[in-house]
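Undergrad: Here it is, the structure, as C-alpha cells.
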Amino acid sequence: MTVTAAPRSGAAAPGSGRIRRLRRLSVPTTASHYLIWAATLVVVVGPVVPIALASLWSTPLYRSGGHLTLGNFRDLLTDSAWWGAVGNSATFAALTTVSSVPFGVAAAVLLTRTNVPLPPGGRPR
C-alpha cells in the first residue's frame, strides 16, 4: 500500500509549471494555418464527394443520363460475394488482433520492466 500526502493549500500541483510553459509557447494562428487546413480539406474530402455521388447514381458518372437511386446499395447488400469479403475481413481483423496483443504486451513488459540491453533506437551503443 502506498501513502501519499495531500498537497498543501497554496502549493502548485506537480507539473503545473510545465503546463503553463506549454501554453506560453503556443503558436498564433496565421493565414498559412487556414491555407493548410483548406488544402487538407480539399485533398481529403475532394475524392469522397464523387465516390458518394457515384454510389447514389444509377449510371456511371461518365455517361449521360441516370437518376438518384438506392438500388446500388440494395445490390451490394444482397450479393453473397460481398458478404464473403466482409466475413474474411472480420476474421482477418480478429486473428490479427488476437495474435498481436500478446506480442505487444510482451514487448511492453520487456522494455519497461526489465533491463533490456538495447537503447530506444534499437542499436547497441
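A short reminder: the numbers here are calculations on the coordinates, not readings from a lab. Note that the structure is predicted; figures quoted are calculated from it, not measured. Ideal geometry is used to build each Cβ from the backbone, glycine not excepted, and the neighbour counts take in all protein chains shown.
Undergrad: Describe numerically, in nm with one decimal, the distance between label points set 7 Å from Cα along Cα→Cβ at residue 98 and at residue 113.
TA: Going from the residue 98 label point to the residue 113 one covers 2.4 nm.
Undergrad: Which ³J(HN,Hα) values, rounded to whole Hz and listed in residue order, are derived for the stretch 56-64 from phi using the Karplus coefficients 6.51, -1.76 and 1.60 in 6.51 cos²θ - 1.76 cosθ + 1.60 with θ = phi - 60°, glycine and proline given as x?
TA: 9, 9, 6, 10, x, 5, 7, 9, 7
Undergrad: Quick one: what are the phi-derived ³J(HN,Hα) couplings along the stretch 36-42, Karplus 6.51/-1.76/1.60 with θ = phi - 60°, whole Hz, x for glycine and proline?
TA: Each residue's phi maps through the Karplus curve to give 5, 4, 5, 5, 4, 4, 5 Hz.
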